Protein chains: 2
Amino acid sequence: MEESGNHSGRAGELTRYLSKYIELSEELERALSERMFIREYPKGTILLKRGQPCNECYFILEGLVRTYYFKNDEEVTTDFHLEEQVVSPSCYGTGEPSELYLECLETTVAVVGTPDMETELYAKYPQLEKLSRVMGEKIMAGYKDRFDGFKMSSPEQRYLALVKNENALVQRVPQYQLASYLGIKPESLSRIRKRISKKG
Amino acid sequence: MEESGNHSGRAGELTRYLSKYIELSEELERALSERMFIREYPKGTILLKRGQPCNECYFILEGLVRTYYFKNDEEVTTDFHLEEQVVSPSCYGTGEPSELYLECLETTVAVVGTPDMETELYAKYPQLEKLSRVMGEKIMAGYKDRFDGFKMSSPEQRYLALVKNENALVQRVPQYQLASYLGIKPESLSRIRKRISKKG
């Protein structure tokens with residue numbers, strides 16, 4: 001694991017991203033840039049295992065993180081997280097053991113947050129509350145649309161939506177994981193892809 | 001639609017609920033109690049239709065609201081909202097036309113929020129930012145667990161989880177809507193219920 005030194009130039013990426021939501025005060029921007037831990041994780045790193053408490057959340061600057069579970073002995077992939085996305089499992093900061101695994105599918109560079117750091121920053125910079133609230137509302141809205149969309153659509157529709165909206169993901173992820181994410185068997189995904197390529 | 005007058009005694013229910021998340025300042029508590037609109041909607045009221053912009057969100061004091069879509073000519077139920085839950089579609093406050101319908105399945109008493117009211121309250125009472133952030137994190141975590149659970153489980157497992165965790169919902173909702181919510185046909189839900197009652 002590489003420490004923050006080599007990536008300090010990237011701190012600006014996070015503050016630029018955050019500035020899309022609200023105008024950051026100079027003070028908060030400086031605090032974030034100075035206090036931020038940026039780490040690089042080699043491909044294949046397991047960031048979190050089932051049974052462990054989750055004491056870190058991540059903002060991805062580069063790379064790809066997968067969320068998966070074991071159901072009996074089989075992996076079930078429930079989510080992928082790309083650049084400019086937040087990885088924050090539901091057990092983050094609660095002390096509860098995780099049900100899920102987090103794996104870096106590619107070399108991943110991320111800003112790392114911890115509950116202690118958050119508590120301190122929220123106390124010092126109340127503007128951060130607004131930022132988190134506004135970002136949270138946006139992320140929540142996207143999440144609702146995805147969950148409703150998942151319930152509304154067939155596997156083929158889900159795949160087509162993914163190709164349309166998140167083609168980078170389709171290109172970067174192994175097929176068997178993509179199938180699992182779509183809620184189908186790898187063979188079914190192959191059939192869907194063949195059917196579509198014939199139509200196309 | 002009944003206006004707030006008759007329900008003003010219920011304002012305390014919201015502030016008591018909010019106090020579970022953070023300690024409210026007296027000033028904020030008073031502002032919320034005074035400014036809050038509480039309305040009663042008869043059973044069957046459609047709070048939002050497809051194509052309409054969504055300019056209201058709700059905190060349910062009593063009753064039950066269903067979220068559904070039309071897929072071709074068929075209703076698909078994606079969510080139910082009970083007492084102490086927030087109903088806030090992803091298009092709330094965006095000006096975008098809604099994709100979904102909101103229907104009161106029972107007589108529903110709710111605190112009604114609007115984007116203008118929120119903007120004003122956030123500006124006046126910064127503590128509200130923290131409250132919304134903390135509540136939002138909790139709601140988001142629950143939502144993630146539900147979405148992952150949905151992907152992980154069979155329809156029978158989903159039904160059993162619902163009976164265990166939200167039995168009130170199972171009792172209060174028509175079977176065909178419950179089936180749709182679980183992602184199955186009404187006949188499949190009947191079969192699952194028969195199978196379970198034989199086992200039981």
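Name the residue from B:Asn72, B:Leu189, B:Gln171 whose Cα lies farthest towards the positive end of the charge dipole of chain B, charges +1 on Cβ of Lys and Arg and -1 on Cβ of Asp and Glu.
B:Leu189
Taking a temperature of 25 °C and a viscosity of 0.890 mPa s, what whole-number D in µm²/s does Stokes-Einstein yield for the stretch A:117-160 with Rh from Kirkwood over alpha carbon pairs?
Working: Rh = 12.6 Å.
The diffusion coefficient I find is 194 µm²/s.
So what's the back-of-envelope 222 nm ellipticity for chain A, counting only DSSP H runs of four-plus at -39500 (n - 2.57) apiece and dividing by all residues, rounded to 500? Please report the intermediate quantities before stating the final value.
Values: 8 runs with 93 residues, N = 200.
So the calculated ellipticity at 222 nm is -14500 deg cm²/dmol.
Would you kindly derive the ³J(HN,Hα) couplings of the stretch B:123-134 from the backbone phi angles with the Karplus curve 6.51 cos²θ - 1.76 cosθ + 1.60 (θ = phi - 60°), listing them in order in whole Hz, with x for Gly and Pro?
Values per residue, Gly and Pro as x: 5, 7, 10, x, 4, 5, 4, 5, 4, 5, 5, 5 Hz.
Hey, if you put +1 on the Cβ of every Lys and Arg and -1 on every Asp and Glu Cβ in the stretch B:89-163, which of B:Val134, B:Pro97, B:Tyr122 ends up farthest toward the positive end of that dipole?
Of the options given, the answer is B:Val134.
Grab the alpha carbons of chain B, take their convex hull, and tell me the volume per residue in Å³. Present the calculation step by step, with values, prior to reporting the outcome.
Working: hull volume 26.7 nm³, N = 200.
Output value, Cα hull per residue: 134 Å³.
Under a point-charge model restricted to the Cβ atoms of Lys and Arg (+1) and Asp and Glu (-1), what is the dipole moment magnitude of the protein assembly as shown relative to its Cα centre, in debye to the nearest 20?
Numbers: 56 positive and 62 negative charges, 470 e Å.
It works out to roughly 2260 debye.
In debye, nearest 20: dipole of the stretch B:4-125 around its Cα centre with unit charges on the Cβ of K, R (+) and D, E (-)?
Values: 12 positive and 22 negative charges, 27 e Å.
The calculated dipole for the stretch B:4-125 is roughly 120 debye.
I want to make sure I understand the PRE zone here: with the label point 7 angstrom from the Cα of A:Lys71 toward its beta carbon, which residues in the stretch A:158-190 have backbone N atoms less than 19 Å away?
Under cut-off, by backbone N: A:158-159, A:174-190.
Using a label point 7 angstrom from Cα along Cα-to-C-beta, what distances in nm, from shortest up, separate B:Asp116 from the other copies?
Label-point distances to the other copies, shortest first: 4.8 nm.
Counting alpha carbon pairs within less than 8 Å and at least 6 residues apart, what relative contact order, in whole percent, applies to chain A? Numbers along the way, then the final one.
Numbers: 290 pairs, mean separation 43.4, N = 200.
It rounds to 22 percent for chain A.
Which of rounded, prolate, oblate describes the protein assembly as shown, given a ≥ b ≥ c as roots of the alpha-carbon gyration tensor eigenvalues and a/c under 1.5 marking rounded, otherwise prolate only if a/b is larger than b/c? All intermediate terms of the calculation are to be shown ahead of the outcome.
On the way: a/c = 1.74, a/b = 1.05, b/c = 1.66.
It is oblate, given that a/c is not under 1.5 and a/b is not larger than b/c.
How many nanometers, to one decimal and shortest first, lie between the label point of A:Lys194 and those of its other copies, if labels sit 7 Å from Cα toward Cβ?
3.6
Where a number appears in this text, it was derived from the coordinates with a stated rule and is not lab data. Just so it is clear, the structure is predicted and the values come from calculations on it, not from any experiment. Backbone-built Cβ (ideal geometry, glycine too); neighbour counts: all protein chains shown.
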